[in-house]
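Trainee: Sending over a structure as structure tokens; questions will come in a sec.
The values are calculated or read from the model by the stated rules, or taken from the named source; none is laboratory data. Here the structure is a predicted model, which is why all the values come from computation and not from measurement. Cβ placement follows ideal geometry from the backbone for every residue including glycine, while neighbour counts extend to all protein chains displayed. Side chains included, ligands, DNA and RNA excluded: accessible areas come from the protein's heavy atoms. Shrake-Rupley method; radii C 1.70, N 1.55, O 1.52, S 1.80 Å.
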Amino acid sequence: MNIYQALSESYSLLINKSKTYKLDCEILLADTLHIENRLNLFSNLNKKLTENEINTFFRTIKEREKLKPISKITKKKEFWNFEMDVAKKVLIPRPETEVLLDLVSKVFKKNSNISFLDIGCGSGCITLSLLGIFSNSQGEAFDISKEAVMNTQLNLKKYHKLNQVKVFKRDVFKFKTHKKYDLIISNPPYLKKSDYINLSPSIKIYEPKNALVSDSKDGTMFYNHIISSYKNNLKLNGYLAFEIGDNQFKKLQKLLSQNGFIIVSKFKLINDQIRCLLAKKIKNYALQ
Ligand SMILES: C[S@@+](CC[C@H](N)C(=O)[O-])C[C@H]1O[C@@H](n2cnc3c(N)ncnc32)[C@H](O)[C@@H]1O
């Protein structure tokens, strides 16, 4: 079997399973053959596959037939300028989160050394990207999930950044520190239980529920806690950056203002929902 035949056969297996079936097959075959750019498949259509390559490739196609996300099959995802390794029980980094980094990249001077705290670090995509933007910075990143902590450490190690970040397992509702940061950033779980029910099976089967769902009625429990309990860990004129869920902006805007913040930038999706916001701390409150 050559590349052309493998692609044709795999297309026919996935055509009714995925809207992006051609792309899926090409990514999976390129990954099996360790070809960096999938387009190179098309200049080698006559290349014969080994028995082993055929078996591996069609095993991945079977996984995709069962709706497993591509990144959970290849165990990697492009994010910012990095190729993130993504562990089984860790959330796949999403493109919206890159927008959050884009907002942050505009408020600090290029090459400035910032101190940051990444709450709910997951794969480490935010932490690693911050170090990509502000290369000599120092940070701390934590997550309640052991797999996430290990995944973040692995990705930092891969890019030789582990010495710049302390990564640890903690619960945001229990962790306390006296440290002051220039930036506190978080993409916490923000879906309401009712929103979770409507997610695609692919997400519900293969992505960790506790990375997505917030127990509170409106999904804002994490933000309420981070704003009120971590505000004293931000320096005056420091920034708080959040990825947020649908219909949460108004409530958070009020809460931020009551806690001494002004919103300096935000990102709106095509459906008019605000997905990312950046707030500046303009008042100091006495420690409670
Ligand atoms: C939406 S994911 C974001 C992961 C990563 N930062 C990203 O942007 O892809 C939320 C993360 O928060 C973590 N998390 C959930 N509850 C937590 C808690 N109580 N304390 C700390 N982290 C928590 C989850 O394990 C998950 O990794």
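Trainee: Could you figure out which of (1) open to solvent by less than 20 Å² (accessible area, probe 1.4 Å); (2) in contact (Cβ under 8 Å) with a residue 24 or more places away in the chain; (3) out of contact with any Ser or Thr (no Cβ under 6 Å at 6 or more places or on another chain) isn't true of ILE73?
Mentor: Just one mismatch for ILE73, condition (3).
Trainee: Within region 1-74, which helices (runs of 4 or more DSSP H) (wholly inside it) include 1 or more residues that are under 23 Å from PRO93 (Cβ atoms)?
Mentor: Qualifying helices (runs of 4 or more DSSP H): 21-32, 51-65, 70-74.
Trainee: Next up: If you go through region 70-78 one residue at a time, do you hit one that is acidic (Asp, Glu) and under 19 Å from ILE244 (Cα atoms)?
Mentor: No, that holds for no residue.
Trainee: Please pick out the residue among ILE185, ILE197, ILE144, ILE205 that is modelled with pLDDT under 95 and hydrophobic (A, V, I, L, M, F, W, C).
Mentor: ILE197
Trainee: Could you please find all residues in region 155-179 being more than 9 Å from the ligand (Cβ to nearest atom), over 15 Å from the mean Cα position of the chain (by Cα) and not charged (D, E, K, R)?
Mentor: TYR159, HIS160, LEU162, ASN163, GLN164, VAL165, VAL167, PHE168, THR177, HIS178 - these are the residues of region 155-179 that are more than 9 Å from the ligand (Cβ to nearest atom), over 15 Å from the mean Cα position of the chain (by Cα) and not charged (D, E, K, R).
Trainee: Does SER229 count as more than 10 Å from the ligand (Cβ to nearest atom), among the small types (Gly, Ala, Ser), modelled with pLDDT of 95 or more and out of contact with any Pro (no Cβ under 6 Å at 6 or more places or on another chain)?
Mentor: Yes.
Trainee: Here's a check for you: in region 162-179, which residue that is part of a loop (DSSP other than H, G, I, E, B) and farther than 19 Å from ASN284 by Cα is least open to solvent (accessible area, probe 1.4 Å)?
Mentor: Top of the filtered list is VAL172.
Trainee: Among the residues of region 258-280, is there at least one that is part of a helix (DSSP H, G or I) and either open to solvent by 40 Å² or more (accessible area, probe 1.4 Å) or assigned by TED's automatic domain parsing to the domain that holds ALA141 (or both)?
Mentor: The answer is yes, given that some residue of region 258-280 is part of a helix (DSSP H, G or I) and either open to solvent by 40 Å² or more (accessible area, probe 1.4 Å) or assigned by TED's automatic domain parsing to the domain that holds ALA141 (or both).
Trainee: Just wondering, is there one or more residues in region 95-112 that are part of a strand (DSSP E or B), without any contact (Cβ under 8 Å) to a residue 40 or more places away in the chain, small (Gly, Ala, Ser) and open to solvent by less than 60 Å² (accessible area, probe 1.4 Å)?
Mentor: no
Trainee: Now for a different question. Considering region 113-125 alone, what residues qualify as being small (Gly, Ala, Ser), in contact with a helix residue (DSSP H, G or I) (Cβ under 9 Å, 6 or more places away or on another chain) and either part of a strand (DSSP E or B) or open to solvent by less than 20 Å² (accessible area, probe 1.4 Å) (or both)?
Mentor: GLY122, SER123, GLY124
Trainee: Given VAL99, VAL90, which one is under 13 Å from the mean Cα position of the chain (by Cα) and within 9 Å of the ligand (Cβ to nearest atom)?
Mentor: Every option except VAL90 fails the conditions.
Trainee: Within region 126-143, count every residue that is assigned to a loop (DSSP other than H, G, I, E, B) and open to solvent by less than 30 Å² (accessible area, probe 1.4 Å).
Mentor: 2
Trainee: PRO189 is checked against (1) open to solvent by less than 30 Å² (accessible area, probe 1.4 Å); (2) of a type outside the set (A, V, I, L, M); (3) part of a helix (DSSP H, G or I) and fails just one. What number does that condition carry?
Mentor: (3)
Trainee: Return only the number of the condition from (1) away from the ligand (no atom under 15 Å from the Cβ); (2) outside any helix (DSSP H, G or I); (3) open to solvent by 40 Å² or more (accessible area, probe 1.4 Å); (4) out of contact with any helix residue (DSSP H, G or I) (no Cβ under 8 Å at 6 or more places or on another chain) that ASP182 does not satisfy.
Mentor: For ASP182, the exception is condition (3).
Trainee: Of the conditions (1) buried (at least 16 other Cβ atoms within 10 Å of the Cβ); (2) out of contact with any strand residue (DSSP E or B) (no Cβ under 8 Å at 6 or more places or on another chain); (3) closer than 27 Å to GLU83 by Cα, VAL213 fails just one. Which one is it?
Mentor: Going through (1) buried (at least 16 other Cβ atoms within 10 Å of the Cβ); (2) out of contact with any strand residue (DSSP E or B) (no Cβ under 8 Å at 6 or more places or on another chain); (3) closer than 27 Å to GLU83 by Cα one by one, VAL213 breaks only (2).
Trainee: Taking region 192-211 on its own, how many of its residues are near the ligand (Cβ under 10 Å from one of its atoms) and part of a loop (DSSP other than H, G, I, E, B)?
Mentor: Qualifying residue count, region 192-211: 2.
Trainee: Another question about this same structure. Quick check on my filter: what residues within region 1-42 are open to solvent by 50 Å² or more (accessible area, probe 1.4 Å) and among the aliphatic types (A, V, I, L, M)?
Mentor: MET1, LEU13, ILE15, LEU23, ILE27, LEU39
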